[in-house]
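All remarks here apply to the structure that follows.
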Amino acid sequence: AVWGLRIYRQEYRAADWTPRDDAVRGFARHRWGQFGLVVVVLFLILALFAPALGPTTMERNVEDPFSYEVSYYDEDAGAVQTVTVGQANLDSTSQGIPERNVGLFSYDRYNRYHPFGTLPSGQDLFTAVALGARVSLFIGLVAITVSAAVSAALALISAYYGGLVDLAIVLLSDATQSLPQLLVVIMLSVVLSQTWIAGLYNGAVLLSLIFALTGWPSLWRAVRGPALQVSERAWVDAADGYGLDSPRTMLRHIFPFVVGYLLVYASMSLGGIIIGAAGLSFLGLGVTAPTPEWGRLVNVGQPLLTTVSWHIAVMPGVLIVIVVTGFNALGDGIRDAIDSETNLENEEEASAAASGAGG
């Protein structure tokens, strides 16, 4: 099917060519971007299907373990025994010594399989990591969606109206970007930690909004340039002359030409938001317990990093690096695919100039 589609697009669809065809063809040759796409898809699968992928559930593992039971075969008694999940967790802890450690791809004494081992509390680490991926995805998507909406709206307004309106938005962006983002995020996290919004999703909603309201200037600067270029095109003047109102002109005749740049820089910024959320949780300022978060898992395993229980800190730390690298790689691939037509035109101009100079 893929081979047939490729032949159709190359040989029989010349009359129906669109710029999207060049973007798809450029991304198909971009191995680094394809690696990022695979990583992002796997991350999404882990986050969306976390309850089904883990060996246990959040309720059984963390929230109310003593209300559930697990059956196992006791070799000493020669019979099947029953024990609460909470008691089984207490007997399956990983505390840095061989006698108290359940490592990678191991079974505990109750025949429960732990792909990533267990935490110092005996809870399953893979379940915590999978649910932590869901929290990271929620924070990243909410933050980047709000930030992208604010930056796109301001970019369209500044490009369309220009003049004093553009100057006012530039000053607002410079004032926001001049503040050290990490310190502002930490300060707002502490100041707003006792408000009602901090209780939504154990602080994940608050953290998302803080990242969005402090990170929009970078996205705005990335979109403002293309928006200014498009606003000077003839079709925008024609739309104004035809009598279209300003919001419709901006949405229909400017926004479609800058949305690609918005996607590129949004995907790159998403990785930074995940790192920032993990860093705050590592410091105890992000998502609060019992909701699992990768940064807090790293913090829990840090004292045991040089022991046999190294897996507690290493596994979520490695996943943070892989996921952030994947989002950056995907952003690079999308950017190069979108700019492939521009790059081709530049190469043709350079070739023509070189042949002219040689003549």
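In table form, for the structure just shown:
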item: Pairs, first closer than 18 Å to Tyr261 by Cα and open to solvent by 10 Å² or more (accessible area, probe 1.4 Å) in region 204-229, second among the aliphatic types (A, V, I, L, M) and not in a helix (DSSP H, G or I), C-beta under 7 Å, six or more apart; result: Pro226/Val258
item: Test: residue in region 41-55 that is modelled with pLDDT under 95, touching a Pro at 6+ places or on another chain (Cβ under 6 Å) and in a helix (DSSP H, G or I); result: no
item: Some residue of region 285-296 being under 18 Å from Val185 (Cβ atoms), in contact with a Lys or Arg (Cβ under 8 Å, 6 or more places away or on another chain) and not basic (Lys, Arg); result: yes
item: Identity of the residue in region 243-258, touching a residue at least 60 places away in the same chain (Cβ under 8 Å) and under 19 Å from Ile334 (Cα atoms), that ends up surrounded by the fewest Cβ atoms within 10 Å (Cβ to Cβ); result: Phe255
item: Members of region 92-111 found to be open to solvent by 50 Å² or more (accessible area, probe 1.4 Å) and out of contact with any helix residue (DSSP H, G or I) (no Cβ under 9 Å at 6 or more places or on another chain), listed by number; result: Ile97, Pro98, Glu99, Arg100, Phe105, Tyr107, Asn111
item: Odd one out for Ala238 among (1) open to solvent by less than 20 Å² (accessible area, probe 1.4 Å); (2) over 17 Å from the mean Cα position of the chain (by Cα); result: (1)
item: Residues within region 265-315 that are at pLDDT below 85, part of a helix (DSSP H, G or I) and surrounded by fewer than 19 Cβ atoms within 10 Å (Cβ to Cβ), tallied; result: 0
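The values are calculated or read from the model by the stated rules, or taken from the named source; none is laboratory data. Everything numeric here is computed off the predicted structure, so don't read it as measured data. No Cβ is skipped: glycine too gets one built from the backbone with ideal geometry, and neighbour counts run over all protein chains shown. The accessibility values were calculated without ligands, DNA or RNA, using every heavy atom of the protein model including side chains. Shrake-Rupley method; radii C 1.70, N 1.55, O 1.52, S 1.80 Å.
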